[in-house]
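The values are calculated or read from the model by the stated rules, or taken from the named source; none is laboratory data. Not measured: the values here are computed from a predicted model. Note that each Cβ is placed from the backbone with ideal geometry, even for glycine, and that neighbours are counted across all protein chains shown.
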Amino acid sequence: MSKAKPKVAFFEFTDCEGCQLQVANLGADLLELTKAVDIVNFREIMSEEGQEYDVLVVEGSIASKHDEERLKAIAAKAKVIVALGACAATGGVNNLKNLKSLEEQKKIVYGDVDPVKDAVAAKPIDAVVKVDYYVHGCPIHGPEFVKVMQCVLMGKPYKVPTYPVCVECRQNENVCLYDKGQFCLGPITRAGCNSWLPNNGVPCVGCRGLIDNPAANAQKDILEKYGLTVEGILDKFTLYCNAQKERAKYDKEFKS
Amino acid sequence: MTKSSNPDPERTARRASHSGGAKDVKIDVHYLTRVEGHGDITVDVRSGELKECKFKVIESARFFETMLRGRLIYEAQHLTSRICGICACGHSLTSIKASEKALGIVPHEDTLLLRKLLLHTEQMDSHVLHAYVLVAPDLLGVKSIMPLVKTHRPVIERAFRMKKLSDWAGEILAGRHTHPISFAIGGLTKIPEKAHLQKLREMMVEARADYAETVELFKKLALPSFERKGQYVALSHEKEYAFYDGKINVNGEKLVDPQDYLSVIKEEVRDYSSAKFVTVNKAPYMVGALARFNLNGDKLDKKSKEVASYLGLKRPCANTFMNTVAQVVEWGYCLEDSISILERLIKNGIDEEKVLVTMYPKKDQWPIKTRAGRGVGAVEVPRGILFHDYTVDDHGVVAAANCIIPTNQNINNLEADMRKIVPEIVGIQGEEEMRLTLEMLARAYDPCISCSTHLLDVRFVS
């Protein structure tokens, strides 16, 4: 980065804008960050828009042709692209609509009228543009965003944890949710959220996406203890995991 | 709309010359800023007449209703809280209410108190964001809160403190505010700690000082005067200022059980908008803080009533811009009611046995057997009444779902307001001023466009 403060722009696509809210809620950390960068576009809190930026932070999935074109145009101006949150990073819950025929869903929601001719299957932003940094989670975990931004500023890569949520969950001394008769994706979901859901008595749903090569890296002792398989778990909880299972398909369809 | 009720002769003259064939004025506020969503306003004014008025929302359709079909009802609150990051707790609670109604589950009183408390803190979170971060800059003549950090530092610090209070409340009550974790069908998966409840009570008592300052700030700021007599819809409850519980109150004329919401609330699809158009009595209506105040203001506590009258808010109020003032009044009400709920919970304790549940049925309860049925949940979320409507089969699987979001309900009303206000300001205000007035009008509704599950292009063509 040059000596001048890098300019950071936030843009959102199809999503709930909750991840940007996590950023807005950083409070003191956000003010600290503004010492190092100029935020030139953050529509949730400001109405002026900067035309130039170095770092592009993108929230939301791509779910229409309009989204796709807009992302390409916005990305062309950026030096670094950060995917903010599950929708941008993996497609998030938006992927659930891909499990069913779009035509059929339009019919259910709108009947014979089709006001959304523009709609396409939901996909993560890296199906359209190259992404340099990923902040996973639905929503993102604030402290991880700060870490990622530090890496962006130093021009260093950020390493997303490769171990499963179980590791953090044990450090937090939670009772295993399998012991409570619940079904949890902690053994195959990448850590980094400080086991947010299990800390509050709720099973992990896999919002941060799967660990790399789950067959090799899953929390094996838990799987063995409860007689589970990676595929078995994946088929059971599809709120987010569908994203990664379908991933190969997106790549083929949209990157070529 | 003018700031004074007496028309200024010079302005009238300018308007006359404008309508005498001056150049057309076209305003296109692309990507309406400082609203939580994706709005476009395009107003095309020719010869002083309003020809075209659009409130365009360029949010892609999200299909939550079809995503829900075929999923377990126990996943619904998780999924639907993702409709909106700003009113995530409201969606989660509405979803839980609809699910419980369908399944025939009646939660314990302590659970209800905790839900009301969580909902109050979300109203506070959203209202402070709207009043300080989105509206105050307009009233202080700047584009965003960023310049205010330098010029009005204590104001911004106060806003952050007030925001932080409700963020922290969300954290200790539900694990986090966006998206809440521990509130489940039938109860909570984790009981909030007593020490945290005590701390929250202390913080809330301290926050009274910040609230008093907030009231003074909004006393000083002049809101545009404007009037359009319209329709109002909100939940009403015989005993309290309704947020979590109540019947649908239509213009103070009739009360309808939420389960029968479709008998009064009509949805219509038009081919140019992915947002369904919603009407009551075949006409637009307003939901949100002003609607609640107009219909339920008599249920406010004495202190909140005093604040309302101090800020010039009188029932019934037909000035949409006053929605922000109604939010300020509600902030104080929520603060006081939260303090009394907290005191009750601290004094009596929370009945853990009755409140603690798991999010999903336990392993030995599979395959799942439930009652089949239909349940409608209606809750007052920051921007107005929210409906979730689920039909569930006897395996706890969602067969059909419908959600009606406050912003969807308000868009028709915003359009009606614009139709009234534009001829009033054409020729009186310059392009920039008009642009700001229209933006402010839209922002008064606090439109949460990302919320609107099926919103894409809303076009209003005259």
Notebook entry, point to check: Quick check: anything in the range B:97-106 within 14 Å of another protein chain (Cβ to nearest Cβ) and buried (at least 23 other Cβ atoms within 10 Å of the Cβ)?
Noted result: no
Next item on the list: Name every residue in the range A:52-82 that is of a type outside the set (A, V, I, L, M, F, W, C) and within 13 Å of chain B (Cβ to nearest Cβ), in order of residue number.
Entry: A:59, A:60, A:61, A:64, A:65, A:66, A:67, A:68, A:69, A:70
Check: Has the range B:137-148 got any residue that is in contact (Cβ under 8 Å) with a residue 40 or more places away in the chain and polar (S, T, N, Q)?
Finding: yes
Item checked: Of all residues in the range B:429-462 being within 21 Å of residue B:65 (Cα to Cα) and among the hydrophobic types (A, V, I, L, M, F, W, C), the one that is modelled with the highest pLDDT -> B:448
Next item on the list: Note down all Cβ pairs under 8 Å where the first residue falls in the range A:6-19 and is more than 7 Å from chain B (Cβ to nearest Cβ), the second is buried (at least 23 other Cβ atoms within 10 Å of the Cβ) and polar (S, T, N, Q), and they're at least six residues apart or on different chains.
Entry: A:10/A:20; A:12/A:20; A:12/B:450; A:13/A:61; A:13/B:60
Notebook entry, point to check: If you go through the range A:78-122, how many residues are surrounded by 19 or more Cβ atoms within 10 Å (Cβ to Cβ), polar (S, T, N, Q) and more than 11 Å from residue A:63 (Cβ to Cβ)?
Noted result: 2
Next item on the list: Could you please find all residues in the range A:108-142 being more than 9 Å from chain B (Cβ to nearest Cβ), part of a loop (DSSP other than H, G, I, E, B) and of a type outside the set (Val, Ile, Thr)?
Entry: A:117, A:124, A:130, A:132, A:136, A:141
Checklist line | Residue, nearest to the chain's Cα centre (by Cα), within the range A:77-107, restricted to residues that are within 21 Å of residue A:157 (Cα to Cα) and part of a loop (DSSP other than H, G, I, E, B) | finding: A:85
Check: Just one of A:114, A:132 is of a type outside the set (Lys, Arg) and free of Cβ contacts under 8 Å to residues at least 12 places away in the same chain; which is it?
Finding: A:114
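The rows are residues; the columns are (1) at pLDDT below 90; (2) in contact with a helix residue (DSSP H, G or I) (Cβ under 6 Å, 6 or more places away or on another chain); (3) more than 18 Å from residue B:381 (Cα to Cα).
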| site | (1), (2), (3) |
| --- | --- |
| B:71 | no, no, yes |
| B:75 | no, no, yes |
| B:115 | no, yes, no |
| B:129 | yes, no, no |
Note to self: Being among the β-branched types (Val, Ile, Thr) and within 22 Å of residue A:60 (Cβ to Cβ) narrows it down to one residue among B:145, B:83; which is it?
What the structure shows: B:83
Next item on the list: Could you list all residues from the range B:169-188 that are free of Cβ contacts under 8 Å to residues at least 24 places away in the same chain, small (Gly, Ala, Ser) and surrounded by fewer than 24 Cβ atoms within 10 Å (Cβ to Cβ)?
Entry: B:175
Next item on the list: Within the range B:296-336, track down each residue that is among the acidic types (Asp, Glu) and under 22 Å from residue B:248 (Cα atoms).
Entry: B:298, B:301, B:330
Margin query: For the list (1) at the interface with chain A (Cβ under 10 Å from one of its Cβ atoms); (2) surrounded by 21 or more Cβ atoms within 10 Å (Cβ to Cβ), I need the number of the one condition that residue B:191 fails.
Written below: (2)
Check: Taking residue A:100, is it free of Cβ contacts under 8 Å to residues at least 12 places away in the same chain, under 23 Å from residue A:13 (Cβ atoms) and within 13 Å of another protein chain (Cβ to nearest Cβ)?
Finding: yes
Margin query: Being over 21 Å from residue A:9 (Cβ atoms), touching a residue at least 60 places away in the same chain (Cβ under 8 Å) and not polar (S, T, N, Q): is that true of residue A:193 here?
Written below: no
Item checked: Odd one out for residue B:166, checked against (1) within 14 Å of residue B:122 (Cβ to Cβ); (2) among the hydroxyl-bearing types (Ser, Thr, Tyr); (3) facing chain A (nearest Cβ under 9 Å) -> (3)
